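The structure appears below as C-alpha cells.
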Amino acid sequence: MVYVGRFAPTPSGPLHFGSLVTALASWLDARHHQGRWLLRIEDLDPPREEPGASERILRTLEALGLTWDGPVIYQSQRSEAYAQALDQLQQKGEVYPCSCTRKELQGSRIYPGYCRQGPCHPDQPLAWRLAVDPQLTATWTDRIQGFQQWPLQAAGDVVVKRKDGLWAYQLAVTVDDLAFDVTHLVRGIDLLDSTPWQMNLLRYLAPDAADFDYAHLPVIVNAEGQKLSKQNLAPALDTRQSSELIYRALVALNQPVPPECRQLPCEELLDLAVRHWQAEAIPGKTHIYEESLPPCTSTASSWS
Ligand code: GLU
C-alpha cells in the first residue's frame, strides 16, 4: 500500500500534550504501514504565529524521536501553488468574490450567500468564497469516527482567500495534501467539520484524485473540557521526559502498552509502539480528559 501521512502544526506556540497525541498517532500509523511521514508548518497567518515556534516544534519532534521524511514544507513558501489553485477555481466559476464584513454576518451560523450573485460592495476589499454544491453530501468512512455524512448545504460557502490577502486554511491544506501526494490524514476531531469542504475542494481541483483516508482523533481536554491549547495555557512539552510523554500519549490512544515500558529508552518504546500499533483501538469519542491519564512519574533529571 502507498502511504503518505503528514503532521501539520500551526506555529502559534510550542507543542503541548494534545499536539503530541496527534503527532504520535499520525507518525505511528505511517511507520506501521511503512509509509512516509511529512512535516508541514502551517505558517499562513503571521499575526497568529509566535516567533521561534516553528523551530521549537521541529526540535521537540526530533527530541521525541518523531522524525519526518524529506524537507519540512512551509506554507508561507507555497503562495504560488495557492494562487494557481485559486486561478483554476476562478476559471471554472467554483469561487466568487465576497465583500461581506464580520458585522454583516453577525448572527449567521453559515454564510447566507449574500454575494453569490456578485459582491454586494465591489469597491470594498474582497475575499474569495467556495461556492459549495448544495446538492452534495460529503460521505466517508472515518477510520476512528465511523461513517460520516455531511450535507454541504449545512456547511455553507467557505472562504478560500481572505480579504487581507492571506490564504485560508481550507485551500492551503487541500492544495498541499494533493501536491505532496498525501494519502492518509490522521488529525484531531476538531477538524472533522472542515473535511466536507476539503473533499469538495479536492473534487474541484483534481476530479480524478482518490479521496484521502481520514482518521479523526479524540482531542485531549483539560478538567474544564477545553481542548489543550496555548490559549488555555497548556504547558510546552518537556522533552527530558520523552519516554514518559510517549507512554502517556500511547495510553491516551488506548494502545495496550505495559506500564513498565515507560522505563525504556524513547527509541525502543517507539519501535515497540510501531510494531504493536492498532489504530482501531483508538476510541471513537470526541475528547479525552488529560487528568484521566497516568501522570508523568519520573523527574526530569532521571532521563538526562
Ligand atoms: N494546522 C492545523 C492545526 O494545527 C492542522 C491541519 C490539518 O491537520 O489538517 O490544527
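The figures follow:
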| item | result |
| --- | --- |
| Size of the stretch 1-152 as Cα extents on the principal axes (Å, biggest first) | 52, 39, 32 |
| The stretch 65-130: radius of gyration over Cα atoms, expressed as a fraction of 2.2 N^0.38 Å | 1.56 |
| The stretch 85-150 and the stretch 233-249: distance between their alpha carbon centers, rounded to Å | 39 Å |
| ³J(HN,Hα), Karplus 6.51/-1.76/1.60, whole Hz, each residue of the stretch 242-256, x for Gly, Pro | 4, 5, 4, 5, 5, 4, 5, 5, 5, 5, 4, 8, 6, 8, x |
| The chain: C-alpha gyration tensor shape, a/c 1.5 cut-off, then a/b vs b/c | prolate |
| Kirkwood hydrodynamic radius (C-alpha pairs) into Stokes-Einstein, the stretch 173-271, 20 °C and 1.002 mPa s, D in µm²/s | 131 µm²/s |
| Cβ-placed point charges (K, R +1; D, E -1), dipole of the chain about Cα centre in debye, nearest 20 | 480 debye |
| Positive dipole terminus of the stretch 96-137, leading residue within Q135, S108, P97 (C-beta point charges) | S108 |
| Nearest-20 debye value, the stretch 1-125 charge dipole, Cβ charges on Lys, Arg, Asp, Glu | 320 debye |
| Nonlocal amide H pairs with L217, under 5 Å, H built at 1.01 Å | R187, G188, I189 |
| Whole-Hz ³J(HN,Hα) from phi, Karplus 6.51 cos²θ - 1.76 cosθ + 1.60, for the stretch 213-224, glycine and proline x | 8, 10, 9, 9, 7, x, 9, 8, 10, 7, 4, 8 |
| Amide H contacts of A168 (H built 1.01 Å from N, under 5 Å, at least 5 apart or other chain) | K161, R162 |
| Karplus (6.51, -1.76, 1.60) ³J(HN,Hα), θ = phi - 60°, over the stretch 192-197, in Hz, Gly and Pro reported as x | 4, 7, 7, 4, x, 5 |
| With Cα atoms, 0 to 90° folded angle of helix 169-179 axis to the chain main axis | 70 degrees |
| Size of electric dipole in the stretch 28-74: Cβ of Lys, Arg +1 and of Asp, Glu -1, about Cα centre, debye, nearest 20 | 220 debye |
| Over the stretch 166-205: Kirkwood hydrodynamic radius from C-alpha pairwise inverse distances, Å | 10.6 Å |
| Residues with amide H under 5 Å from that of T137, placed H, sequence gap 5 or more | L152 |
| Residues V2, V219 arranged by fewest to most Cβ contacts within 10 Å | V2, V219 |
| Lysines whose Cα lies under 20 Å from that of K285, excluding same-chain neighbours fewer than 8 positions away | K227 |
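None of the figures in this text is laboratory data; all of them are computed from the coordinates on show. None of these values were measured; they are calculated from a predicted model. Neighbour counts are summed over all protein chains in view; Cβ atoms, including those assigned to glycine, are modelled from backbone coordinates with ideal geometry.
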